[in-house]
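Written out below as structure tokens is the structure these notes cover.
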Amino acid sequence: MVSNMNASHVTVSGLSHRYRATPALDGIDLDIPAGQRLAIVGRSGGGKSTLLHILAGLIRPTAGHVQIDGETVSGPSPRWNVMFQQASLYPWMSVRQSVELGLRFLNRRRQGDAIAERLLDLVGLDGLADVNVQKLSGGQQQRVALARSLATEPTLLLLDEPFSSLDALTRHDLQDAVGRIVSDLGLTMVLVTHDLDEAIVLADRIVVIGEQPGRIVADLLVDPTLSDRRDTHAIAPLRDKLLSLFGGQSAGGGEPHPHPARHAA
Amino acid sequence: MTTTVIPLGPSANPDLAPSPPRRQMVALARGAGFAVVGIGLTLGLWWLAGLWLVANPNLVAFGGFAPGPTLSALWQIAQSGWLWNAAGASLYRVGAGLGWAIAVGVPLGILIGGSRAAAAVSHLPFQFLRMISPLAWMPVAVIVFATWNGAIIFLIAAAAIWPIVFATANGLRKIDPHWFTVARNLGGRGFALLRVIVLPAIAQDLLTGIRLGLGVAWIVLVPAEFLGVTSGLGFAINDARDTLEYDRLTAIVIAIGVIGLVLDGCLLAMIRRYRWHSSD
């Protein structure tokens, strides 16, 4: 079904955004080639999620624009879907109904059952199609949200800190699942996270956003020859580099200090 | 080193396991037991009151209020079909009034629940109107509507509309704003958003409002049917009083209570069917 989809090419030009008097983003230029897995990292409140929501067409930027495959983004579209921090499933729905929701909005309900079956298999929830979503654990709910995001066959998957509310083991499993699915389906992925390890595990490229207002302060490519991205020794140099961009002292997953320096690799 | 395999199926989550049927049976039996005791006590008090009426020379003419004559009259009017004709006329009026209340009340509730400005503007006028007894509109309704039926349906609608408006608005205010973001992200717009997200989200509040509205409407029905009409349960009560048939009068009162209870039970079943709060 979704394995033959083409990835999207994303261009962000001169993007700025203000919340009333408060500048959130300033002069963001970004080019994301089709099929790339990009992570946007930065401190909380730095404008990462705002940027992602603008990419999704959920927020209109104050200045600049976003183009996906040459089309200027003016609103949400089934071609690019967001997976949010909270699964935000509708509690009266079953797992199957949740996955089919986007198709229902697109009047493609007839295809719903077949697509839902395959996606639930893909995210490891086969056998739970008719269970009410309230009966699921947090990790299972996020898997449903992932399947729901994939049901409309998007070419661009936008992830807004989707693992941050999960426990460590569930987060680990779901990160692996998302990485595998994005690769298998050949999607372009934009992940917003404040977890550097997560960015390194999942992304080919990491963009660091400085704060107030949010600007790109570094743009790094992750070494594709890194054999095991969960090997703390192997990723230590990249992790230290990212931390140094923030002037960070801690290597224990704490938030880096806000002294961003422009850097490109 | 030991390896633990965590299953990713229904058995992974203990909440997915079916609840023990024995516990459900015990709860059901307890509920039924309490209901039987309650009905028994009420019948007992009624029977005692009937004995007292018959024993009192000044009140013996009202002996028809006692359980025996009442239940006999109830059987008679049910068997002859007379009760069903009267109930049918009343149910039609309540249905029509409630239908109007829903048709006007739900959109109004969605408007004031979804817009702070609309809520602020409507607050005082709606609270003012809510405090006016629907029966106070009776003379106005008689003047405005060409038929008695129209006037009665208006009074019932005027009684039922406020619980529906406020429950709908309350339900809408409780919706997680993120649900709208997610739905918009998936392509939900306009009527589809209303049908697929908003209505199921507020279903429990909306049905609770309709249940309250029905309760008020059923109460208003009897005095409203004292107006000009020659059908319905309200008219039947008035008629029985005028002809001094107290057994028939009490039988109709019992019928009103039973029908009201059945209607309320139907709505309660619908609320249970459409509720989704996990704590319920």
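The values are calculated or read from the model by the stated rules, or taken from the named source; none is laboratory data. Everything numeric here is computed off the predicted structure, so don't read it as measured data. Note that each Cβ is placed from the backbone with ideal geometry, even for glycine, and that neighbours are counted across all protein chains shown. Heavy atoms of the whole protein, side chains included, go into the accessibility calculation; ligands, DNA and RNA do not. Shrake-Rupley method; radii C 1.70, N 1.55, O 1.52, S 1.80 Å.
For (1) without any contact (Cβ under 8 Å) to a residue 24 or more places away in the chain; (2) open to solvent by 80 Å² or more (accessible area, probe 1.4 Å); (3) not assigned by TED's automatic domain parsing to the domain that holds B:D247, each residue gets a yes or a no:
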{"position": "B:A29", "(1), (2), (3)": "yes, no, yes"}
{"position": "B:A32", "(1), (2), (3)": "yes, no, yes"}
{"position": "B:A35", "(1), (2), (3)": "yes, no, yes"}
{"position": "B:L45", "(1), (2), (3)": "yes, yes, yes"}
{"position": "B:L48", "(1), (2), (3)": "yes, yes, yes"}
{"position": "B:L74", "(1), (2), (3)": "no, no, no"}
{"position": "B:G81", "(1), (2), (3)": "yes, no, no"}
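For the stretch A:64-114, give me each residue that is part of a helix (DSSP H, G or I), within 24 Å of A:Q175 (Cα to Cα), in contact with a helix residue (DSSP H, G or I) (Cβ under 6 Å, 6 or more places away or on another chain) and of a type in the set (G, A, S). Within the stretch A:64-114, just A:S98 meets the criteria. In summary, A:T50 fulfils each of the numbered conditions (1) open to solvent by 60 Å² or more (accessible area, probe 1.4 Å); (2) among the hydroxyl-bearing types (S, T, Y); (3) within 22 Å of B:F180 (Cβ to Cβ) with the single exception of condition (1). Inspect the stretch A:85-104 for any residue being under 24 Å from A:T188 (Cα atoms) and more than 24 Å from the chain's Cα centre (by Cα) and give the result as yes or no. So far as the stretch A:85-104 goes, no, none of its residues is under 24 Å from A:T188 (Cα atoms) and more than 24 Å from the chain's Cα centre (by Cα). Taking (1) within 11 Å of another protein chain (Cβ to nearest Cβ); (2) at pLDDT below 90 in turn, A:L136 satisfies each apart from (2). The residues of the stretch A:86-120 that are within 9 Å of another protein chain (Cβ to nearest Cβ) and among the charged types (D, E, K, R) amount to a single one, A:R104.
Check off (1) more than 10 Å from every other protein chain (Cβ to nearest Cβ); (2) surrounded by fewer than 23 Cβ atoms within 10 Å (Cβ to Cβ) for B:R189 and give me the number that stays unchecked. Of everything listed in (1) more than 10 Å from every other protein chain (Cβ to nearest Cβ); (2) surrounded by fewer than 23 Cβ atoms within 10 Å (Cβ to Cβ), B:R189 misses just condition (1). For the stretch A:14-47, a residue qualifies if it is part of a strand (DSSP E or B), surrounded by 15 or more Cβ atoms within 10 Å (Cβ to Cβ) and of a type in the set (G, A, S), and the qualifying residues are A:S16, A:A24, A:A39, A:G42. Between A:R110, A:R79, the distinction of being within 30 Å of A:R43 (Cα to Cα), open to solvent by 20 Å² or more (accessible area, probe 1.4 Å) and of a type in the set (K, R) belongs to A:R79 only. Screening A:L169, A:L128 for residues that are within 10 Å of chain B (Cβ to nearest Cβ), part of a loop (DSSP other than H, G, I, E, B) and over 27 Å from A:H9 (Cα atoms) leaves exactly one candidate, A:L128. The residue that is surrounded by the most Cβ atoms within 10 Å (Cβ to Cβ), counting only those in the stretch A:184-228 that are farther than 29 Å from A:H17 by Cα and in contact (Cβ under 8 Å) with a residue 60 or more places away in the chain, is A:L185. Within the stretch B:224-234, is there a residue that is more than 14 Å from every other protein chain (Cβ to nearest Cβ), open to solvent by 40 Å² or more (accessible area, probe 1.4 Å) and at pLDDT 90 or above? Scanning the stretch B:224-234 turns up no residue that is more than 14 Å from every other protein chain (Cβ to nearest Cβ), open to solvent by 40 Å² or more (accessible area, probe 1.4 Å) and at pLDDT 90 or above. When each of B:A157, B:A203, B:A146 is tested for being outside any helix (DSSP H, G or I) and either among the hydrophobic types (A, V, I, L, M, F, W, C) or in contact with a Phe, Trp or Tyr (Cβ under 8 Å, 6 or more places away or on another chain) (or both), the lone residue that passes is B:A146. Screening the stretch B:156-213 for residues that are polar (S, T, N, Q) and under 28 Å from the mean Cα position of the chain (by Cα) and picking the one that is farthest from A:L89 (Cα to Cα) gives B:T208.
Do we have any residue at all in the stretch B:258-270 that's more than 15 Å from the chain's Cα centre (by Cα), without any contact (Cβ under 8 Å) to a residue 60 or more places away in the chain and either surrounded by 15 or more Cβ atoms within 10 Å (Cβ to Cβ) or not assigned by TED's automatic domain parsing to the domain that holds B:F128 (or both)? Checked against the condition, which is being more than 15 Å from the chain's Cα centre (by Cα), without any contact (Cβ under 8 Å) to a residue 60 or more places away in the chain and either surrounded by 15 or more Cβ atoms within 10 Å (Cβ to Cβ) or not assigned by TED's automatic domain parsing to the domain that holds B:F128 (or both), the stretch B:258-270 yields no hits at all. Residue count for the stretch B:163-186 under the criterion of being within 24 Å of A:A145 (Cβ to Cβ), open to solvent by 30 Å² or more (accessible area, probe 1.4 Å) and either of a type outside the set (S, T, N, Q) or touching a strand residue (DSSP E or B) at 6+ places or on another chain (Cβ under 7 Å) (or both): the result is 6.
Just one residue in the set B:R116, B:R130 is surrounded by fewer than 22 Cβ atoms within 10 Å (Cβ to Cβ), under 23 Å from B:I197 (Cβ atoms), assigned by TED's automatic domain parsing to the domain that holds B:R211 and charged (D, E, K, R); that residue is B:R116. Residue-level analysis places B:I152 outside the set of residues that are among the aliphatic types (A, V, I, L, M) and not in a helix (DSSP H, G or I). Close contacts from the stretch B:224-249, counting a first residue that is assigned to a helix (DSSP H, G or I) and a second that is of a type in the set (S, T, N, Q) and open to solvent by 40 Å² or more (accessible area, probe 1.4 Å), with Cβ to Cβ under 8 Å and a gap of 6+ residues or different chains, come to B:D247/B:S72.
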